[in-house]
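Each remark here refers to the structure printed beneath this line.
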Ligand SMILES: Cc1cc2nc3c(=O)[nH]c(=O)nc-3n(C[C@H](O)[C@H](O)[C@H](O)COP(=O)(O)OP(=O)(O)OC[C@H]3O[C@@H](n4cnc5c(N)ncnc54)[C@H](O)[C@@H]3O)c2cc1C
């Protein structure tokens with residue numbers, strides 16, 4: 001029997017959309033799968049064209065009279081109501097914070113197993129073999145599973161991000177029978193910061209405790225913690241400028257997060273985020289194992305540190321030995 005596979009496409013923006021389109025590559029080890037995309041609400045003609053070029057068979061568009069901005073419990077109810085009678089063999093979600101939570105919510109409602117952070121799927125004579133990295137990406141876990149099941153995954157296509165020449169795709173509309181109940185009351189909305197989330201960035205420039213050694217003269221009335229904060233903030237302005245020039249974002253070590261100089265969302269490492277961008281630049285980061293475990297899968301690592309014996313140089317592809325406050329302005333000038 002042909003395995004019926006669904007992939008939920010996150011239409012929030014082009015980055016999340018491309019990431020979810022690429023998940024179709026995960027099904028390449030499944031014999032003649034039928035892979036359909038599932039979206040909630042409107043999908044632009046351009047996104048439909050992109051889904052066609054990735055080889056999706058069709059798009060199922062779930063519509064409801066009042067779809068709020070991305071809201072997990074509402075989306076989970078809409079997907080669950082539609083998918084229950086369909087009974088797909090496999091339902092895949094992106095492994096973003098949102099995708100994982102949505103997939104887990106739908107799987108709980110359907111009483112199906114949900115496997116997060118999967119990297120490969122292999123079809124076997126009976127069932128499927130899944131793999132994922134565990135224990136800080138040091139161990140590979142192999143799972144033997146039987147359909148139906150659900151999972152979340154990150155998958156980047158290696159050579160090409162297109163699988164088909166097609167630019168047309170059937171759009172099947174499904175009007176939800178029941179208006180989902182919104183269980184969440186929004187009390188207050190916060191303005192989203194301009195910080196590009198680490199998981200979405202192709203370039204990350206990370207600051208460590210070395211930012212505190214800022215030789216720039218600070219306002220004379222600042223002392224103690226206020227002065228340190230000023231120094232680090234001023235340092236981060238340089239990192240942000242470089243990150244912006246490279247279309248990237250900034251990250252931080254736990255040393256700066258724990259000291260209250262950077263938000264937790266920026267923390268990379270064992271107790272922060274695991275990232276694998278195309279380019280990772282560290283500035284004043286020593287290279288403790290708890291940090292490097294979260295970034296050593298980056299494609300290219302450049303480390304700036306004034307200590308030639310800093311452990312970060314062991315994981316870096318290129319090292320610049322020197323004061324970050326002299327090197328960063330030069331790099332910024334070169335990239336301007
Ligand atoms: C259970 C546990 C979990 C942890 N989880 C994490 C985690 O998720 N992420 C994380 O990052 N850490 C984590 N840590 C902390 C980790 O062990 C290190 O303490 C931390 O990563 C060090 O941060 P740092 O490199 O910024 O600071 P430091 O180790 O103090 O290094 C600062 C570096 O800056 C250099 N420097 C100083 N001035 C300059 C300058 N002007 N120019 C250039 N270089 C300069 C110095 O030579 C030094 O190498 C964890 C620790 C524990 C115990």
- Task: Working carefully through the options 219, 197, 170, find the one that is at pLDDT 85 or above and under 21 Å from the mean Cα position of the chain (by Cα).
- Result: 197
- Note on the structure: If we keep only residues of segment 286-306 that are in a loop (DSSP other than H, G, I, E, B) and touching a strand residue (DSSP E or B) at 6+ places or on another chain (Cβ under 6 Å), then the residue nearest to the ligand (Cβ to nearest atom) is 294
- Message: Quick check on my filter: what residues within segment 215-234 are outside any helix (DSSP H, G or I), touching a helix residue (DSSP H, G or I) at 6+ places or on another chain (Cβ under 7 Å) and within 16 Å of the ligand (Cβ to nearest atom)?
- Response: 215, 216, 218
- Message: Looking at 237, 326 in this structure, which one is over 26 Å from residue 119 (Cβ atoms) and more than 12 Å from the ligand (Cβ to nearest atom)?
- Response: 237
- For segment 55-71, which residues satisfy the criterion of being under 18 Å from residue 19 (Cβ atoms) and either without any contact (Cβ under 8 Å) to a residue 40 or more places away in the chain or over 20 Å from the mean Cα position of the chain (by Cα) (or both)? 55, 56, 59
- Residue list for segment 56-78, restricted to those being modelled with pLDDT of 90 or more and farther than 12 Å from residue 182 by Cα: 56, 57, 58, 59, 60, 61, 62, 63
- Only one of 196, 212 that is under 28 Å from residue 296 (Cβ atoms) and within 16 Å of the ligand (Cβ to nearest atom): 212
- Task: Would you mind finding the one in 238, 256, 279 that is in contact (Cβ under 8 Å) with a residue 60 or more places away in the chain and touching a helix residue (DSSP H, G or I) at 6+ places or on another chain (Cβ under 7 Å)?
- Result: 238
- Residues of segment 10-41 being under 20 Å from residue 197 (Cα atoms) and outside any helix (DSSP H, G or I), which ones? 10, 11, 12, 13
- Item | Residue list for segment 262-276, restricted to those being surrounded by fewer than 23 Cβ atoms within 10 Å (Cβ to Cβ) and more than 7 Å from the ligand (Cβ to nearest atom) | 263, 264, 265, 273, 274, 275, 276
- Task: Select from segment 240-261 the residues that are within 15 Å of the ligand (Cβ to nearest atom) and assigned to a loop (DSSP other than H, G, I, E, B) and write down the one among them that is farthest from the chain's Cα centre (by Cα).
- Result: 259
- Inside segment 73-97, can you point out the residues that are surrounded by fewer than 16 Cβ atoms within 10 Å (Cβ to Cβ) and either without any contact (Cβ under 8 Å) to a residue 12 or more places away in the chain or under 19 Å from residue 13 (Cα atoms) (or both)? 85, 97
- Query: Counting just the residues of segment 100-137 that are closer than 22 Å to residue 273 by Cβ and in a loop (DSSP other than H, G, I, E, B), which one comes out farthest from the chain's Cα centre (by Cα)?
  - Reply: 135
- Item | Filter result for residue 279 (more than 20 Å from the chain's Cα centre (by Cα), within 30 Å of residue 155 (Cα to Cα) and modelled with pLDDT of 95 or more) | no
- Across segment 264-285, what is the total count of residues that are on the phi < 0 side of the Ramachandran plot and part of a loop (DSSP other than H, G, I, E, B)? 9
- Query: Within the set of pairs 6+ apart or on separate chains, which have a first residue in segment 195-221 that is without any contact (Cβ under 8 Å) to a residue 60 or more places away in the chain, a second that is surrounded by 15 or more Cβ atoms within 10 Å (Cβ to Cβ) and in a strand (DSSP E or B), and C-beta atoms under 8 Å apart?
  - Reply: 196/249
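The values are calculated or read from the model by the stated rules, or taken from the named source; none is laboratory data. Just so you know, these numbers come straight off a predicted model, no measurement behind them. Note that each Cβ is placed from the backbone with ideal geometry, even for glycine, and that neighbours are counted across all protein chains shown.
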